[in-house]
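Engineer: Structure provided below as structure tokens; questions to follow.
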Amino acid sequence: MVGVDFDLFMERYGYKILLGIFGMIILGMFAIIGIWVYAALKYLGLLFGGLILMLVVVRSLVNKRVLDAQAQVFSKYFYDDRKRR
């Protein structure tokens, strides 16, 4: 029986396999978001569902800015840029 060298296999196919796995994870995340949007619009109605979706988008944008501001404040607090002796 002819054996395949594991290093050669990983060199030829390993990155493609990893790219496929990560691609499926990313597509799965978008699919879950898409299903949630579809369910919100279908069961809550176009107006109310759209309003909730807009609130979620605005909240996520505001939350991103808040987290960025907190990261800058914490980096100034915890990072000491003075020269050590």
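The values are calculated or read from the model by the stated rules, or taken from the named source; none is laboratory data. These numbers come from a predicted model, not from an experiment. As a convention, Cβ positions derive from the backbone with ideal geometry for all residues, glycine included, and neighbour counts pool all protein chains shown. With ligands, DNA and RNA removed, areas are computed over all heavy atoms of the protein, side chains included. Shrake-Rupley method; radii C 1.70, N 1.55, O 1.52, S 1.80 Å.
Engineer: Each residue of segment 54-71 in order: what ³J(HN,Hα) in whole Hz does its phi give by Karplus 6.51 cos²θ - 1.76 cosθ + 1.60, θ = phi - 60°, with x for Gly and Pro?
Structural biologist: 5, 5, 5, 5, 5, 4, 5, 5, 5, 5, 4, 5, 5, 5, 5, 5, 4, 4
Engineer: Calculate, for segment 1-50, the solvent-accessible area per residue in square angstrom, rolling a 1.4 angstrom probe over the heavy atoms of the protein chains.
Structural biologist: 95 Å²
Engineer: Same structure, new question: Under a Cβ-only charge scheme (Lys and Arg +1, Asp and Glu -1), can you give me the dipole magnitude of the chain about the Cα centre, in debye to the nearest 20?
Structural biologist: Around 580 debye, computed over the chain.
Engineer: Leaving ligands, DNA and RNA out of it, work out the accessible area of Lys16 with a 1.4 Å probe and give it in Å² to the nearest 10.
Structural biologist: Accessible area, nearest 10 Å²: 140 Å².
Engineer: I want to verify a result. In a Gaussian network model of the chain, Cα cutoff 10 Å, which of these has the top mean-square fluctuation: Val73, Val57, Val37?
Structural biologist: Judging by the Gaussian network model, the answer is Val73.
Engineer: For segment 27-68, what is the convex hull volume of the alpha-carbon atoms per residue, in Å³? Please report the intermediate quantities before stating the final value.
Structural biologist: On the way: hull volume 2.5 nm³, N = 42.
Cα convex hull per residue, to the nearest whole number: 60 Å³.
Engineer: Sticking with this structure for a sec: Which listed residue (Phe9, Gly49, Ile26) has the Cα farthest towards the positive end of the charge dipole for the chain, taking +1 on Lys and Arg C-beta and -1 on Asp and Glu C-beta about the Cα centre?
Structural biologist: Farthest towards the positive pole: Gly49.
Engineer: Please work out the ratio of the alpha-carbon Rg of the chain to 2.2 N^0.38 Å and round it to two decimals. Kindly include the intermediate steps, with their values, before the conclusion.
Structural biologist: Details: Rg = 23.3 Å, N = 85, 2.2 N^0.38 = 11.9 Å.
Against the empirical 2.2 N^0.38 Å value, I get 1.96 for the chain.
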